[in-house]
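Chemist: Here it is, the structure, as structure tokens.
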Amino acid sequence: MRVQEQLDRLKVPYELFPCDPALADTANFCAAYGFKPEDSANTILVIGKSEPPVYAACVVLASSRLDVNKTVRQRLGTRKASFASPEDTRAITGMEIGGVTVFGLPPDLPVWIDSHVMARERIVLGGGSRSFKVIAAPAMLLELPRAEVVEGLAND
């Protein structure tokens, strides 16, 4: 499993938290397992509409909204940007919506982390499948290749 291999290579503490795949979507997961949305961080693949298209993985708190139309679009350097389709997400990440995580992504894919994520004591992230989540301190995200913290990536 690519996700766990990368987690182990980072040499930082983490917990794998098993969950019912039917409850993997953030709101259902938080309600079922007692986590706060502000401690849950979603990994969202975005696409800049250009030829060829450009992609980035964005990590934002579940209590925030990703600013696709301004911040993401500007960073991608395209006139238009949007959330990647589930099909594109699966093709690029190898993961299903509800389980997408920043761990195990292609090494050339930029990872942008909203600054609010870094302020949390711990975060819950997708685990690469709908069957588990990763719980860890957000500082571990900075160990990833091409990861950078972005002010204003998401709005409250």
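Chemist: Within segment 1-143, how many Lys pairs sit with Cα atoms under 28 Å apart, leaving out pairs fewer than 8 places apart on the same chain? Don't skip to the end; give the middle numbers.
Modeler: Numbers: LYS11/LYS36; LYS11/LYS133; LYS36/LYS70; LYS36/LYS133; LYS49/LYS70; LYS49/LYS80; LYS70/LYS80.
Count of close lysine pairs: 7.
Chemist: Whenever you get a sec, line up ASP8, ASP108, ASP39 from highest to lowest accessible area (probe 1.4 Å, protein heavy atoms).
Modeler: ASP108, ASP8, ASP39
Chemist: I'd like the accessible area for GLU143: 1.4 Å probe, protein heavy atoms, all chains in place, Å² to the nearest 10.
Modeler: About 110 Å², rounded to the nearest 10.
Chemist: Only helical DSSP H runs with n ≥ 4 go in: add -39500 (n - 2.57) per run for the chain, normalise by residue count and round the 222 nm mean residue ellipticity to 500 deg cm²/dmol.
Modeler: Value at 222 nm, helices only: -5000 deg cm²/dmol.
Chemist: What dipole magnitude, in Debye to the nearest 20, does segment 44-98 give about its Cα centre under +1 on Lys/Arg Cβ and -1 on Asp/Glu Cβ?
Modeler: Values: 8 positive and 5 negative charges, 67 e Å.
For segment 44-98, the charge dipole is close to 320 debye.
Chemist: Counting only the heavy atoms of the protein chains, how much of ASP156 is accessible to a 1.4 Å probe, in Å² to the nearest 10?
Modeler: 140
Chemist: Right, another one. Using the heavy atoms of the protein chains alone and a 1.4 angstrom probe, what is the accessible area of the chain per residue in square angstrom?
Modeler: Numbers: 7810 Å² over 156 residues.
Computed with neighbouring chains in place, this is 50 Å² per residue.
Chemist: If you average the C-alpha positions of segment 109-151 and of segment 1-55 separately, how far apart do those two centres end up, in angstrom?
Modeler: 8
Chemist: Most mobile of LYS80, LYS11, LYS133 per a Gaussian network model of the chain (Cα springs, under 10 Å)?
Modeler: Between LYS80, LYS11, LYS133, it is LYS11 that shows the largest mean-square fluctuation.
Chemist: Specify whether the C-alpha gyration tensor of segment 113-156 places it in the rounded, prolate or oblate class, a ≥ b ≥ c being the square roots of the eigenvalues: rounded for a/c under 1.5, otherwise prolate if a/b is larger than b/c and oblate if not.
Modeler: prolate
Chemist: Quick one: pull the percent of accessible area on segment 80-119 belonging to carbon and sulfur, 1.4 Å probe, ligands and nucleic acids left out.
Modeler: Using a 1.4 Å probe with all protein chains present, segment 80-119 comes out at 60 percent carbon and sulfur.
Chemist: Of all DSSP beta bridges in the chain, what percent run antiparallel (nearest 5)?
Modeler: On the way: 21 of 29 bridges.
Once the DSSP bridges in the chain are tallied, antiparallel ones form about 70 percent.
Chemist: Here's a follow-up. Can you give me the solvent accessible area of MET95 with a 1.4 Å probe, rounded to the nearest 10 Å²?
Modeler: 0
Chemist: Counting only protein heavy atoms and using a 1.4 Å probe, what share of the accessible area of segment 1-75 belongs to carbon plus sulfur, as a whole percent?
Modeler: Details: 2080 of 4110 Å².
Answer for segment 1-75: carbon and sulfur cover 51 percent of the accessible area.
Chemist: Given a cut-off of 19 Å, what percent of all Cα-Cα pairs of segment 72-156 lie beyond it?
Modeler: 44
The values are calculated or read from the model by the stated rules, or taken from the named source; none is laboratory data. Bear in mind that the values here come from a model prediction, so they are computed numbers and not experimental data. Heads up, the Cβs are rebuilt from the backbone with ideal geometry, glycines too, and the neighbour counts pull from every protein chain shown. These area figures cover heavy atoms from the full protein model, side chains too; ligands, DNA and RNA do not enter into them. Shrake-Rupley method; radii C 1.70, N 1.55, O 1.52, S 1.80 Å.
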